[in-house]
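S.K.: Following this message is one structure expressed as structure tokens.
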Amino acid sequence: MSEQAPSARTKRPRRVMAVVLLQFRLARLLRHRAELAELPLAVFETVGPREVVVEVSEPARQAGVRAGLTVTAARARCPALQAVPVSADEHMELEEAAEAALQVGPTVELTRPDLLRVEIGGSAHLFGGEADCIAELQRILAKLGFQTAVAVADGPDIAAACARALQRRQPARPSQWIVERHQGAESLARLPLTVVPASAEWLQRLERVGVRTFGQLAALPRRAVIRRFGEQGERWHQLAHGQDARALEPHRLVDVVEARVDFDEPTAQLEPVLFQLKALFDRLEQRMCGRGVAALRLRIALGLDRYSKDGEGVCVETIALGRPLRASAPLLAIARERLGELRLSAPIQWVDVAVLDLARYLGRQYDLLDRSETTGEGLDELLVRLGAAFGADAVFAASLAPRHRPETAYTRERFDPTRTAAVAVAPHVRPTALLEAPEALEWRGDRVRVLYRGELWRHRVLGVGPPERLVTEWWKQGMARDYHVMEVDGGARWWVYRDHDTGGWYLHGLFE
Amino acid sequence: MALPVPVPVPDSSADPKRQQLQALRGLLRSYEKRTGIGEGPLVLPTGCARLDAWLPTRGWPAGEITELVGPAGGGRLSVPLLAVGAAAQRFQWCALVDGEGCFYPPGAARFGVPLSHLCVVRPPQGRRAAWAAEQMARSRCFGLVLLLPRHPIAEAQARRLRQAAEAGRCAVLVVAPKGSTLPAALRLSVEPEVAGAGPRVGPYRERDELRVRVGLLRSRSGGALRPLRGLVLGPQDAPAPDPLALE
């Protein structure tokens, strides 16, 4: 027995997926300003005194605009060109994509401006293989508005080089490349060195000795490369031979799951706000999927136009969901109901959604025979929506509690139809309706009268049942009551009690 | 460069699991349509055999509103509560929208109502109770929705409620306040029967059951004009224990 190794898990080979977000800057711009999609569009960055175009849309490309031109030169070719500067907070979108990518692998490394690397060696089989794993991630990122070029290889830099090569071949269309195990050198051999980010000076040094591809670099003797190009040369030489053992640097998640959008023009209509909220909820959904969590409490902040008359300030709505939820459709339905009730003093300038409380998401079991699925909204989503409208405590399944005080003889539990329970029966006669607060009963002879919700009830007593004495909680605000079932004319039955402390009679329930 | 031919990427909006499930559901629906089964009952048993036999619809009609009127404390809530147990036996869930804010689960449990199958919604101050009932009826999640409104239901809201019942194939029972006018397929009066005048003040034989008289005020499908007398609601009429119960 001791000779046999313990049943350790099979160690899976290291595999890394590199994901290039295609035309990332344009894509993130169109996420916020979809109306620009049909226009000739260019994103530029400022390099010293020059404004250099880095990405162009298809209409601009057809007009002759290319990356690398200055904005002035680009406008000369296409006078209708819309030039937009690179946003300073574009890394936030990349972080969102990184969080979403956690759905396919446990470790994600993020490289600005547009590259992700995901360790999938231990998780690809869960999706049915590497090809399916790639397809899944491309589907997830497409939901966020990003098309991708994806490559899988033994190491992070080989995979990244292959993904960049795919990007060059098809700059705007999704594609994938799986480099088989130990085939990194062969795959890189025909790729130009420019697929790996490096300075122009470095590439020129290599070109001077006739090295333009990884294959040519691999053919050089290792010692000669080290002598001439130093440490960096050695690293590239190893890469050209398929040696890529660098560990990924895990991306650290921010604490708050939050998303925000600004409107170009303040809007007083609900529909544009909901349109943007849908996009925000989609983004939050993917991020929560990546983290394996769901929202319990949301905060929707509406920034009001500060230039309008009464527009100073922010309108904040907090929504308690009652149970973990992350799907965007029900969240949007909840937001629609809540925001529809608002009366704002000024148009809305921006919207910010933050998840205040997170809970672990335990997944959802689909039901083949569940007909509610045909309506597009399941029971969970419906209950969350009702909980958000009335308060999470207002939607419940009752459960009997062994307490004498009638007001606390049951507890509110989450309605969970999959949970089965024995039918509990109250041991004593109890009414089906209990008044919110006992009403004083005036009893003279065989006549009673009581004022209930502004209505005066006068009746003749036909009979009164024997008492059920309930004495409890003497250690705090005690209760000592004799409860009776009272039958009044017409046959209605009341649940009344005599209070030992005051001696007065009260109506507490009705046998409805 | 020796790059591979790009592989087409599947439709980004498709969730494979959900798609497979939808395909299976489609097969199931076509089978049900072909064989005429599985469409669900058109009526929901009331949980009381006598009442089922007396009602012109032979139960609470699904896809319609049934209105119950009567004096307070006269059993008008206990009658529909019996159906919760019957629905649980058919693996259907029930909802109670408690606009009145007075539903008392221990009392319902005396009638054998499986509380775990009853989803209670208690809107604060009874506001938007009819809206909540409409949402639940439309969802197709519940076989029976019982509404206790605090305020009279507006005509437009009542119309929406009826449409929701029809869309969700759900039996909607409304314990109506005075003066309500609902587009109900069935309107019943529930009144208590006097158990008999005993001594004016003194011992009274306490019984577990309520004895009520049910009258038919309106029915789209005709029916008996004579009221159903002596309907006893109590533990003896309670449905069998929850079939899903573990113990």
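S.K.: Please check which bits of the range A:241-267 a label hung off A:Met92 would reach, taking the label as a point 7 Å along Cα-to-C-beta and the cut-off as backbone N under 15 Å.
M.R.: A:254-264, by backbone N distance to the label point.
S.K.: Next question, about the same structure. How far is the Cα center of the range A:434-504 from the Cα center of the range A:183-236, in Å?
M.R.: The distance from the Cα centre of the range A:434-504 to that of the range A:183-236 comes to 94 Å.
S.K.: Which Cα, out of B:Ala156, A:Val461, A:Ala480, lies furthest along the positive dipole direction of the protein assembly as shown (beta carbon charges, K/R +1, D/E -1)?
M.R.: B:Ala156
S.K.: May I ask for the net charge around A:Leu193, where only other residues with Cβ less than 14 Å from the Cβ of A:Leu193 are counted and Lys, Arg are +1 while Asp, Glu are -1?
M.R.: +4
S.K.: According to the Kirkwood expression over distinct Cα-Cα pairs, how big is the hydrodynamic radius of the protein assembly as shown, in Å?
M.R.: 31.1 Å
S.K.: Note down the Stokes-Einstein diffusion coefficient of the range B:74-200 in µm²/s, whole number, using a Kirkwood radius over alpha carbon pairs, 10 °C, and 1.306 mPa s.
M.R.: Details: Rh = 15.1 Å.
So the translational diffusion coefficient is about 105 µm²/s.
S.K.: Hey, another quick one. Any idea what the dipole of the range A:258-345 comes to, in debye rounded to 20, about its Cα centre with Lys/Arg Cβ at +1 and Asp/Glu Cβ at -1?
M.R.: For this selection, approximately 520 debye.
S.K.: Same structure, new question: Ranking request for peptides A:31-42, B:108-119: highest mean number of other beta-carbon atoms within 10 Å first, then the rest in descending order.
M.R.: My ranking of the peptides, most packed first, is B:108-119, A:31-42.
S.K.: If you take each beta carbon of peptide B:117-127 and count the beta carbons of other chains within 10 angstrom, what is the mean?
M.R.: Across the residues of B:117-127, the mean count of other-chain Cβ atoms within 10 Å is 5.
S.K.: Inside 10 Å of the C-beta atoms of A:337-345, what's the mean count of C-beta atoms belonging to other chains?
M.R.: Average per residue, whole number: 0.
S.K.: Turning to a different aspect of this structure: Which shape class, rounded, prolate or oblate, goes with the range A:202-353 when its Cα gyration tensor gives a ≥ b ≥ c as root eigenvalues, a/c under 1.5 marks rounded, and past that a/b bigger than b/c marks prolate?
M.R.: Prolate shape, in that a/c is at least 1.5 and a/b is the bigger ratio.
S.K.: Next up: Quick check on chain A: helices-only [θ] at 222 nm, where DSSP H runs of length 4 and up contribute -39,500 (n - 2.57) each and the sum goes over total residues. Nearest 500, please.
M.R.: -8500 deg cm²/dmol
S.K.: Roughly how large, in nm² to one decimal, is the mean projection of the convex hull of the alpha-carbon atoms in the range A:100-196? If you can, show how the numbers build up before the last one.
M.R.: Numbers: hull surface 23.6 nm².
The number I arrive at for the range A:100-196 is 5.9 nm².
S.K.: Roughly how crowded by other chains is peptide A:159-169, in terms of the mean Cβ count from those chains within 10 Å of each of its Cβ atoms?
M.R.: Mean number of neighbouring Cβ atoms from other chains: 1.
S.K.: Taking neighbour Cβ counts within 10 Å as the exposure measure, how do B:Asp52, A:Asp305 sort from fewest upward?
M.R.: If I rank by nearby Cβ atoms, fewest first, I get B:Asp52, A:Asp305.
S.K.: Quote the charge dipole size of the protein assembly as shown about the Cα centre in Debye, to the nearest 20; the model charges only the Cβ of Lys and Arg (+1) and of Asp and Glu (-1).
M.R.: Computed about the Cα centre, the dipole is about 940 debye.
S.K.: Additional query: Normalising by the residue count of chain A, find the relative contact order in percent from Cα pairs under 8 Å and 6+ residues apart.
M.R.: 10 percent
S.K.: Separate question: Specify which residue in the list B:Leu186, B:Leu77, A:Leu434 is farthest towards the positive end of the charge dipole of the protein assembly as shown, using unit charges on the beta carbon of Lys, Arg (+1) and Asp, Glu (-1), about the Cα centre.
M.R.: Of the candidates, B:Leu186 comes out farthest on the positive side.
S.K.: Another one. Please give the length that would be gained between A:Asp262 and A:Thr194 if that part of the chain were fully extended, namely 0.36 nm times their separation in residues minus their C-alpha to C-alpha distance (nm, one decimal). Walk me through the numbers on the way to the answer.
M.R.: Values: separation 68, 0.36 × 68 = 24.48 nm, distance 3.75 nm.
Gain in length upon complete extension: 20.7 nm.
S.K.: Given H placed on each backbone N at 1.01 Å, which residues far from A:Leu462 in sequence or on other chains put an amide H within less than 5 Å of it?
M.R.: A:Glu487, A:Val488, A:Asp489
S.K.: Which whole number of Å³ per residue matches the convex hull of the alpha-carbon atoms in the range A:379-512? Write out the running numbers ahead of the final one.
M.R.: On the way: hull volume 20.6 nm³, N = 134.
In the range A:379-512, the Cα convex hull volume per residue is 154 Å³.
S.K.: Would you work out which of A:Gln238, B:Ser139, A:Leu253 lies farthest towards the positive end of the dipole of the protein assembly as shown, given +1 charges on the beta-carbon of Lys and Arg and -1 on that of Asp and Glu, about the Cα centre?
M.R.: B:Ser139
S.K.: Okay, moving on. Mind checking which aspartates and glutamates have their C-alpha under 15 Å from A:Lys476, skipping anything on the same chain fewer than 8 residues away?
M.R.: Within the straight-line cut-off, A:Lys476 pairs with A:Asp501.
S.K.: 7 Å from Cα along Cα→Cβ at both A:Arg360 and A:Leu270: what's the point-to-point distance in nm?
M.R.: So the two model labels end up 3.8 nm from each other.
S.K.: Considering the zone a paramagnetic label at A:His404 would reach in this model (a point 7 Å from Cα along the Cα-to-Cβ line), which residues of the range B:96-129 have amide N under 12 Å from it?
M.R.: The answer is none, because no backbone nitrogen lies closer than 12 Å to the label point.
S.K.: Sticking with this structure for a sec: Looking at the range A:68-117, what % of the alpha carbon pairs are farther apart than 12 Å?
M.R.: Tail fraction, whole percent: 69.
Computed from the coordinates by the stated procedures, all read-outs in this text should not be read as laboratory data. As the structure is a computational prediction, the values presented were derived from the model and not from experiment. Cβ: placed from backbone, ideal geometry, glycine included. Neighbour counts: every protein chain shown.
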